[in-house]
1. For Arg339 and Glu135, what is the calculated FRET efficiency with R₀ set at 25 Å and r taken between the beta-carbons, to the nearest 0.05?
2. What part of the accessible area of the stretch 220-369, given as a whole %, is carbon or sulfur when the probe is 1.4 angstrom?
3. Considering amide H positions built from the backbone, and no H for Pro or chain starts, which residues 5 or more places from Gln228, or on another chain, come under 5 Å of its amide H?
4. Note down the relative contact order for the chain as a percent, whole number, built from C-alpha pairs under 8 angstrom at least six residues apart.
5. List the longest stretch of the chain that has no exposed loop site; here a site is one of the trypsin sites (Lys or Arg not before Pro) assigned by DSSP to anything other than H, G, I, E or B, with at most 11 other Cβ within 10 Å.
6. Can you flag which of Lys140/Lys370; Lys370/Lys423; Lys95/Lys153; Lys95/Lys140; Lys113/Lys274 are past 26 Å Cα-Cα?
7. Compare Cys208, Cys365 by solvent-accessible area with a 1.4 Å probe and give them largest first, with all protein chains kept in place.
8. How are the alpha carbon pair distances in the stretch 257-318 distributed across 10 Å bins from zero to the largest one, expressed in percent?
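The values are calculated or read from the model by the stated rules, or taken from the named source; none is laboratory data. Just so you know, these numbers come straight off a predicted model, no measurement behind them. Neighbour counts are summed over all protein chains in view; Cβ atoms, including those assigned to glycine, are modelled from backbone coordinates with ideal geometry. The accessibility values were calculated without ligands, DNA or RNA, using every heavy atom of the protein model including side chains. Shrake-Rupley method; radii C 1.70, N 1.55, O 1.52, S 1.80 Å.
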Amino acid sequence: MADDTKPIGDIPEKEPEETGNAKSNDVTEVGEDEVIKETENGVEGATTAKKKKKKKKKKKKSGASGGSSPSNIIPSKKPHGRLLNDGAFTDYYVKHGQTDPPTIPVSQLFEGKGLEYPVGDIVPHPLPEINSFRETSAEKRAQERMQADIYSKVRHASEVHRQVRSYAQSFIKPGIKLTDMCEMLEEKNRELIEEDGLSRGIGFPTGCSINHVAAHYTPNCGDDTVLQYDDVMKVDFGCQIDGRIIDCAWTVAFNPRYDALLTAVKDATNTGIKAAGIDVRLCDVGEAIEEVMESYEVELDGKVYPVKCIRNLNGHSIGPYQIHAGKSVPIVKGGDTTRMEEDEMYAIETFGTTGRGYIVEDMECSHYMKNFHAPHIPLRLPRAKKLLSHINKTFGTLAFCRRWLERADGGSATVNGTNGQGKQEKYMGALKNLCDVGIIQPYPPLCDIKGSYTAQYEHTIMLRPTCKEIVSRGDDY
């Protein structure tokens with residue numbers, strides 16, 4: 001990304017000369033006034049002269065530097081959680097001219113200045129014997145140019161995710177109430193992406209599953225759960241622009257005794273990303289992940305636990321407005337021999353556990369999503385019809401949670417306004433009816449055995465014709 005600000009190295013060359021001139025000018029100009037006012041008002045004249053001198057100095061200095069650009073600010077604040085990369089800073093976004101905390105919509109930082117959104121981590125596809133030609137193929141480059149608008153939307157959503165999660169890492173610490181954490185994160189997500197109904201907004205509810213709960217937990221209204229020092233929490237949230245969803249997650253832990261678990265899962269996810277690519281079999285990705293994950297072990301309270309893959313959780317392909325687009329990426333060997341294809345998007349995610357390595361649905365449900373292929377089903381209950389109409393216009397086929405239904409805007413201020421018209425009341429019977437007839441799919445929390453600890457890392461990748469782009473990769477993980 002081109003930076004049109006003047007290099008910092010140029011400033012010292014100009015400053016001494018201009019600053020020196022400013023000083024000499026100030027003495028000459030102020031001298032007469034100073035003599036006159038000292039005679040008439042004594043000390044007041046000297047004070048007034050000093051003030052004038054200061055003002056003139058400031059003007060000269062700003063002129064010399066050509067104005068201080070926010071992009072010259074260096075990120076400096078470190079996150080509270082462990083095992084993020086050394087380059088992780090909670091104020092990462094200031095290098096793009098963002099405020100701290102972030103308040104400027106991401107589109108204004110890039111499109112508004114005529115800049116392109118940051119490109120993700122670019123790596124070649126595996127299987128060089130059949131894919132190496134892609135890197136120099138003019139035909140493949142032409143294909144990419146035709147999809148430049150899609151790539152831009154994906155990168156836009158990815159940058160929003162990076163900035164929101166960096167901001168979240170500044171306040172996720174022991175003692176925070178999970179409801180407050182989710183609402184702060186989601187409000188910032190809406191603000192930076194400029195929420196606009198189904199066109200732009202949150203991709204799915206913020207997951208904050210703790211310890212033995214691996215996924216699909218977000219607090220319902222009235223849930224007072226507080227994050228503790230010894231907890232292991234998976235933070236999983238998404239951004240979407242025109243249905244192009246970024247699905248990305250990391251694990252928060254404060255106690256160093258969980259370091260081996262987090263390292264195992266992060267290493268396994270990076271291995272899965274490295275193995276994925278055009279013409280790669282899904283089962284081969286799973287085999288590579290399992291080999292790395294299960295080479296680790298964790299010692300807790302004097303007992304050694306092998307790190308196991310949660311074998312019935314998978315990565316998945318992503319389609320427009322469809323978080324699970326049909327293909328599953330296993331995290332253990334065996335399974336589907338289907339191959340990954342050009343122009344597909346995938347969420348590569350891995351889950352490690354100190355438990356049995358198998359999850360079941362448990363606890364109160366908070367996540368729901370309309371069935372992407374739901375047929376038209378006549379509904380008898382007026383409340384069910386009303387709720388379905390609200391879901392269709394507010395969320396479409398994107399996932400939602402009960403907490404959003406109970407907001408004054410019903411999940412979208414753009415669609416429903418903020419006067420309370422969108423808030424859903426006494427809706428549980430209607431929601432159950434929509435689930436029973438198959439229009440809405442519930443997604444309860446997924447749990448390993450109690451007392452175990454689970455971790456997750458996840459990135460979204462694009463299988464471009466010429467290369468593989470890890471669009472959600474950041475300085476943090």
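1. Working: r = 20 Å, r/R0 = 0.78.
It comes to 0.80.
2. Numbers: 2550 of 5720 Å².
Carbon with sulfur: 45 percent of the solvent-accessible area.
3. Gly175
4. 18
5. Formally, the longest exposed-site-free interval is 1-379.
6. On the way: Lys140/Lys370 36 Å; Lys370/Lys423 19 Å; Lys95/Lys153 21 Å; Lys95/Lys140 33 Å; Lys113/Lys274 34 Å.
Cα-Cα > 26 Å for Lys140/Lys370; Lys95/Lys140; Lys113/Lys274; rest within.
7. Working: Cys208 0, Cys365 20 Å².
Final ranking, largest accessible area leading: Cys365, Cys208.
8. Spelled out per bin, shortest first, that is 21, 49, 22, 7, 1.
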